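Down below is the structure, laid out as structure tokens.
Only the coordinates and a few stated rules stand behind these numbers; no lab work does. Since this is a predicted model, take the numbers as computed values, not measurements. Here the Cβ is made from the backbone with ideal geometry for all residues, glycine too, and neighbour counts use every protein chain on show.
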Amino acid sequence: MSNRALKLIFLYTIFTLLFIQNCQRPSSVQTSTSVNFQPEAIPYQYLSEYSFFTTPLPQQQANASVIAYEPRTALFTDYAHKARFVWMPDSVQASVAADGSILFPNNTVLIKSFYYPIDFNKPEENRRMIETRLLIKKARQWEAFTYLWNEEGTEAKLNLIGDIQEVSWNDKAGIAHTVDYIVPNKNQCKSCHNRNSELLPIGPKAQHLNGAFTYQSTKTPNQLQHWQEAGILEAGNWQNQFAPTPIWNDPQTENLEARALAYLEVNCGHCHHPEGPAHTTGLYLGKDFIDDRTKLGQCKPPVAAGKGSGGRKYSIVPGQPDSSILYYRMLSDDPGVMMPEIGRAIAHEEGLALIREWILEMNGACN
């Protein structure tokens, strides 16, 4: 066989191998202008296969049909930054329930990416991508899928078993931090997204979205209005019907108690609710229970005492955060004590300061 023939065979072999490799593992650079969503093929092995983004994945530049959003008060997850998006098939809309929950049509995808800027003063630079979680609604039921990013930050692969990632960053004061970030497994997702034993979204509610947000460098006065203009939310005067959730760390938006209850509702209320996994505790956290101070924990003894109480008698003792079980469990990093049980490995110092101030200002005494 001639040298020319051998070269041709060699080049053909290399081309074939590269072609197969590209088919098996898509590029992280996406140029498609439409989302790739085939219900029967879900979940894909790689995040890039969905074509949710039009630029290299870490940039999180959304496709034209993918809408970014942000709740006014967000869940704390070990100081991780988050980018949230929603995608729906063409010609369908979400509706709004009586409690403000957004009711999404089949084949909706809620997308949430978790990342850490190396320097919190430069949140758009040098991102360490950790995971992207998808909530996908198929046949009227939601299912959770987590995609774990590679070290290069170029691709995320389907992960059902969870993981632990050591993450470091400098906060806005220049102080260095390190945490063992826990990527939940598939079953743990159900622990929080649980309402009457059904997996449901937590964040997208009319009251949580009732405020301004910047979409790709353009600030819109109201997210609900933007969703309606984009054709993904049904007509309705939702801005007036649902009062905006207070921003927990902005004293200009609402008074101290309103901000504390907003924080507790978002971080604890999905479990501590009459229809949540912690319903048997009788401790219900959120503004809906403001007229029953016992349900909010004030002078309420725990249903089951033990290690989690730290020897304290009541969930909240007015004026005494250090004697309150609620504050004690939020402060702890002991896996057998801390609350929330899932989603954090370290305490949220700023959130704790808010709850501490709220309890200090409470009046009354426990018998």
Handout entry: Cα-projected label distance for residue 90 with residue 290, points at 7 Å along beta-carbon direction, nm
Key = 4.5
Completion exercise
Any GluC sites (Glu not before Pro) in segment 35-137 that lie in a DSSP loop and have at most 12 other Cβ atoms within 10 Å would be 124, 125
Exercise for the section: State the answer as a single residue: which of 211, 45, 98 lies farthest towards the positive end of the charge dipole of the chain, with beta carbon charges of +1 for Lys and Arg and -1 for Asp and Glu, about the Cα centre. Expected result: 45
Exercise for the section: Return the FRET efficiency for the residue pair residue 275, residue 163: r is the Cβ-Cβ distance, R0 is 30 Å, and the value is rounded to the nearest 0.05. Expected result: 0.45
Fill in the blank from the handout: Here, residue 40 and residue 122, labelled 7 Å along Cα→Cβ, have an inter-label distance in nm of 4.9
Fill in the blank from the handout: Extension length gain for residue 350 and residue 178 (0.36 nm per residue less Cα distance), in nm, is 60.2 nm
Fill in the blank from the handout: the chain: relative contact order from alpha carbon pairs under 8 Å, six or more residues apart, as a whole percent, is 12
Practice task
List, largest first, the extents of the alpha carbons of segment 256-360 along their principal axes, each in whole Å.
Solution key: 32, 28, 25
Exercise for the section: Name the long-range amide H neighbours of residue 215: under 5 Å, sequence gap of 5 or more, or other chain; modelled H, no Pro or chain starts. Expected result: 220
Practice task
Tabulate in residue order the Karplus-calculated ³J(HN,Hα) for segment 330-346, using 6.51 cos²θ - 1.76 cosθ + 1.60 with θ = phi - 60°, rounded to whole Hz; enter x for Gly and Pro.
Solution key: 5, 7, 6, 10, 7, x, x, 10, 4, 10, x, 6, 10, x, 8, 10, 10
Completion exercise
Beyond 28 Å (Cα-Cα) in this structure, taken from 205/295; 157/307; 287/313; 82/219, we find 157/307
Exercise for the section: Just need the Rg to Rh number for segment 52-140, please, alpha carbons only, Kirkwood Rh. Expected result: 1.00
Exercise for the section: List every residue whose amide H lies under 5 Å from the amide H of residue 233, counting only residues 5 or more places away in sequence or on a different chain, with H placed 1.01 Å from N in the peptide plane. Expected result: 94, 228
Problem - Simple label model, 7 Å out from Cα along Cβ direction - residue 214 to residue 103, nm - result: 3.6
Handout entry: From phi via Karplus (6.51, -1.76, 1.60), per-residue ³J(HN,Hα) for segment 60-68 in Hz, x at Gly/Pro
Key = 6, 7, 6, 4, 4, 8, 9, 9, 7
Practice task
Using the Kyte-Doolittle scale, find the helices of the chain whose mean hydropathy is at least -0.5 and whose Cα atoms extend 20 Å or more along the helix's long axis, counting only whole DSSP H runs.
Solution key: 3-24
Handout entry: Residue-by-residue Karplus 3J(HN,Hα) for segment 205-212, coefficients 6.51, -1.76, 1.60, Hz, glycine and proline x
Key = 10, 4, 5, 6, 9, 7, x, 6
Handout entry: Base-10 log of normalised Debye intensity for segment 27-241 (one unit scatterer per alpha-carbon) at q = 0.09 Å⁻¹
Key = -0.35
Exercise for the section: Could you work out how far the C-alpha centroid of segment 325-367 sits from that of segment 221-267, in angstrom? Expected result: 24
Problem - Where only alpha carbons of the chain are counted, the Rg and the Dmax (Å) - result: 23.2, 98
Fill in the blank from the handout: Under 5 Å from the placed amide H of residue 159, counting only residues 5+ away or on other chains, we find 146, 147, 148
